[in-house]
Amino acid sequence: MASRPIGTLVYLDEPEKLETQEYEVPEPEPSALITEVVRANVCGSELHIWRGHHPQVKEGVLGHEVLCRISELGEDIETDYAGQPIEEGDLIAPVYYITCQQCHSCQEGQFHLCQNAYRYWSKPPEEAPHFHGTFSTHYYVHPDQYFYKVPAGLDPGIAAGANCALSQVMFGLDETGVEYDDTVVIQGAGGLGLNAIAYANEQGAKTIAVEGVDGRIERAYEFGVDHVVDFREYDTVDARSERIKELTDGIGADVAVEVAGVPAAFAEGIHLLRDGGRYLEMGNVSPGHTTEFDPGALTRKSIDITSVVRYNPWYLNRALEFLAENSDTYPYADLIDAEFALTDVEEALHKSDTRAVTRATLIPEHEH
Ligand SMILES: [Zn+2]
Ligand SMILES: [Zn+2]
């Protein structure tokens, strides 16, 4: 019997304590894949878990934003989840959670809410098949875990982020319903916000970002935002709401998207919208942080609120196609500004946490 390759993975033993461990890479189940990690990004949620701030996850193998190369195909796999033929050596992007197709959410067709989504997420490293996260040389793509071939010509550095922020934003905005000529307010021009600007732009919407950090304002303009309301200048909710009215013929925005991740931003959003406007809540993801809210204003304005977590898995394929079509239009390549070896994961997390870098990528070395 041929010997199995040995892989290295990084796991969290307890908050802020990382360990590295080697394991034999297992053989894939018939509907699974063995992949080599080509690039793994450090996302905000990893920082959250690493610091011990995540409500459930306190340990386990880290990483979920990834681009990988198929090294072994399970015997039943011939195509990706869009029916495109695949073979060993192909670059793929996997959805980072499971769609079990059997729980009550999946039965309702709400695949993004699968009750078993995190069945294999952040598992302890000793549990087979070990390679549960992407801060690793190898990554195990499970049965029921959607994955898609990366379009030819798409820069791997750009593709590596598709399975988190962009897929999430495209799904959220589609659920909210952005129409041609709508005005969309984006509260916060971080990673989610820039993707929201780009996607709303491509839908033919006008975009207004609410932001107050110079570097982020600059980026928002590079991503084609039409106007920025700088909250250092417009420093109250009333001032920002008035400014947005000025920019929308005195009416208010058709759509607003909360991607600031601040509870007060959610309360503010309804004041930026027109009567009958649509609101997408996506940035606040940690329960237990509260804010004052004016439900009477909500009713009077008859605002529709949509909130989403994760995305329907086929959105990842749309996100990859969006990037393949638009990566020359928007400076996606500039967003990844720091590459680290897997052995420097500690440094990558620290620099991401202190915002010394915007988006860090881990690039593991492979022996061939
Ligand atoms: Zn992420
Ligand atoms: Zn399910």
- Item | Any chance Ser241 is of a type in the set (Gly, Ala, Ser) and assigned to a helix (DSSP H, G or I) | yes
- If you check every pair at least six apart or on different chains, which have Cβ atoms under 7 Å apart with a residue in the range 35-52 that is over 19 Å from Pro364 (Cβ atoms) first and a residue that is open to solvent by 40 Å² or more (accessible area, probe 1.4 Å) and away from ligand 2 (no atom under 16 Å from the Cβ) second? Leu47/Asp353; Arg51/Pro15; Arg51/Glu16; Gly52/Pro15; Gly52/Glu16; Gly52/Lys58
- Message: Can you tell me which residue is least open to solvent (accessible area, probe 1.4 Å) among those in the range 95-116 that are farther than 20 Å from Ser31 by Cβ and more than 6 Å from ligand 2 (Cβ to nearest atom)?
- Response: His112
- Message: With in the same structural domain as Tyr118 (by TED's automatic domain parsing) and within 18 Å of the chain's Cα centre (by Cα) as the only criterion, which of Glu59, Glu72, Glu46 stands out?
- Response: Glu46
- Can you tell me which residues in the range 311-344 are of a type in the set (A, V, I, L, M), at pLDDT below 95 and not in a loop (DSSP other than H, G, I, E, B)? Ala333, Leu335, Ala338
- Item | Where a residue in the range 247-260 is among the small types (Gly, Ala, Ser) and its partner, wherever it lies, is part of a helix (DSSP H, G or I), with Cβ under 7 Å and at least six apart | Gly252/Ile244; Gly252/Lys245; Gly252/Leu272; Ala253/Ile244; Ala253/Leu272; Ala256/Gly269; Ala256/Leu272
- Message: Looking at the range 201-223 only, could you name the residues that are in contact with a Phe, Trp or Tyr (Cβ under 7 Å, 6 or more places away or on another chain), small (Gly, Ala, Ser) and open to solvent by 20 Å² or more (accessible area, probe 1.4 Å)?
- Response: Gly204
- Given Ala356, Ala360, Ala253, which one is at pLDDT below 95, of a type in the set (Gly, Ala, Ser) and in contact with a Lys or Arg (Cβ under 7 Å, 6 or more places away or on another chain)? Ala360
- Item | Criterion (open to solvent by less than 20 Å² (accessible area, probe 1.4 Å) and over 30 Å from Asp337 (Cβ atoms)) met by exactly one of Ile86, Ile70, Ile6, Ile92 | Ile86
- Item | Qualifying positions in the range 13-50 - of a type in the set (A, V, I, L, M) and more than 16 Å from ligand 1 (Cβ to nearest atom) | Leu18, Val25, Ala32, Leu33, Ile34, Val38
- Among the residues of the range 33-43 satisfying the criterion of being within 14 Å of the chain's Cα centre (by Cα) and either open to solvent by 20 Å² or more (accessible area, probe 1.4 Å) or aliphatic (A, V, I, L, M) (or both), which is nearest to Lys149 (Cα to Cα)? Ala40
- Task: May I ask you to say which residue of Glu27, Glu22 is assigned to a strand (DSSP E or B), at pLDDT 90 or above, among the charged types (D, E, K, R) and more than 16 Å from ligand 2 (Cβ to nearest atom)?
- Result: Glu22
- Query: Are any residues in the range 117-139 more than 16 Å from ligand 1 (Cβ to nearest atom) and either of a type in the set (S, T, N, Q) or open to solvent by less than 10 Å² (accessible area, probe 1.4 Å) (or both), and if so, which ones?
  - Reply: Pro125, Phe131, Thr137
- Give just the number: which of (1) closer than 28 Å to Phe223 by Cα; (2) open to solvent by less than 30 Å² (accessible area, probe 1.4 Å) does Leu342 not satisfy? (1)
- Filtering the range 316-330 down to residues that are exposed (fewer than 14 other Cβ atoms within 10 Å of the Cβ) and either in contact (Cβ under 8 Å) with a residue 40 or more places away in the chain or in contact with a Cys (Cβ under 6 Å, 6 or more places away or on another chain) (or both) yields Thr329
- Quick one: which helices (runs of 4 or more DSSP H) lie wholly within the range 98-207 and hold at least 3 residues that are more than 16 Å from the chain's Cα centre (by Cα) and modelled with pLDDT of 95 or more? 104-107, 191-202
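The values are calculated or read from the model by the stated rules, or taken from the named source; none is laboratory data. Here the structure is a predicted model, which is why all the values come from computation and not from measurement. Virtual Cβ from ideal backbone geometry, glycine too; neighbours counted across all protein chains shown. These accessible areas exclude ligands, DNA and RNA; they are computed on the full protein's heavy atoms, side chains included. Shrake-Rupley method; radii C 1.70, N 1.55, O 1.52, S 1.80 Å.
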